[in-house]
Amino acid sequence: MTQLKPALEVMVSTAAAMETELAPAVEEVWQAALAERRCGILITRHGAGKYTVGLSEDVPFGLTWERDAG
């Protein structure tokens with residue numbers, strides 16, 4: 001999968017807070033996706049509490065996919 005740069009890095013403090021802490025980054029990237037209308041959003045988990053949120057040409061516009069980096 002190809003994640004376009006720049007991607008936003010997000011550090012999540014607890015599993016319970018994951019959704020609320022990722023939401024602002026997803027919203028920001030969604031605004032970029034709306035402007036492009038050709039990419040979806042890819043959330044990548046790099047380790048415990050470390051994520052990137054960015055546009056990906058491999059994700060259809062309007063969708064958000066998640067994956068593990070490792």
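The values are calculated or read from the model by the stated rules, or taken from the named source; none is laboratory data. Keep in mind it's a predicted model, so treat the numbers as computed, not measured. Ideal geometry is used to build each Cβ from the backbone, glycine not excepted, and the neighbour counts take in all protein chains shown. SASA here: full protein model, heavy atoms, side chains in, ligands and nucleic acids out. Shrake-Rupley method; radii C 1.70, N 1.55, O 1.52, S 1.80 Å.
Can you name the residue in the stretch 31-41 that is touching a residue at least 24 places away in the same chain (Cβ under 8 Å) and among the hydrophobic types (A, V, I, L, M, F, W, C) and is also surrounded by the most Cβ atoms within 10 Å (Cβ to Cβ) among such residues?
Ile41
Applying the selection to the stretch 48-67, what residues are touching a residue at least 12 places away in the same chain (Cβ under 8 Å) and closer than 16 Å to Glu9 by Cβ?
Here is the first cut: in the stretch 48-67, the ones touching a residue at least 12 places away in the same chain (Cβ under 8 Å) are 49-67.
Result: Gly49, Lys50, Tyr51, Thr52, Val53, Gly54, Leu55, Ser56, Glu66, Arg67.
Would you call Leu63 in contact with a Cys (Cβ under 6 Å, 6 or more places away or on another chain) and either of a type in the set (A, V, I, L, M, F, W, C) or open to solvent by 20 Å² or more (accessible area, probe 1.4 Å) (or both)?
It is false that Leu63 is in contact with a Cys (Cβ under 6 Å, 6 or more places away or on another chain) and either of a type in the set (A, V, I, L, M, F, W, C) or open to solvent by 20 Å² or more (accessible area, probe 1.4 Å) (or both).
What are the residues in the stretch 12-42 that are over 9 Å from Gly54 (Cα atoms) and in contact with an Asp or Glu (Cβ under 8 Å, 6 or more places away or on another chain), if any?
Of everything in the stretch 12-42, those that are over 9 Å from Gly54 (Cα atoms) and in contact with an Asp or Glu (Cβ under 8 Å, 6 or more places away or on another chain) turn out to be Val12, Ser13, Arg38, Cys39.
Just one of Thr52, Thr20, Thr44 is in a helix (DSSP H, G or I) and either modelled with pLDDT of 95 or more or open to solvent by 90 Å² or more (accessible area, probe 1.4 Å) (or both); which is it?
Exactly one of Thr52, Thr20, Thr44 is in a helix (DSSP H, G or I) and either modelled with pLDDT of 95 or more or open to solvent by 90 Å² or more (accessible area, probe 1.4 Å) (or both), namely Thr20.
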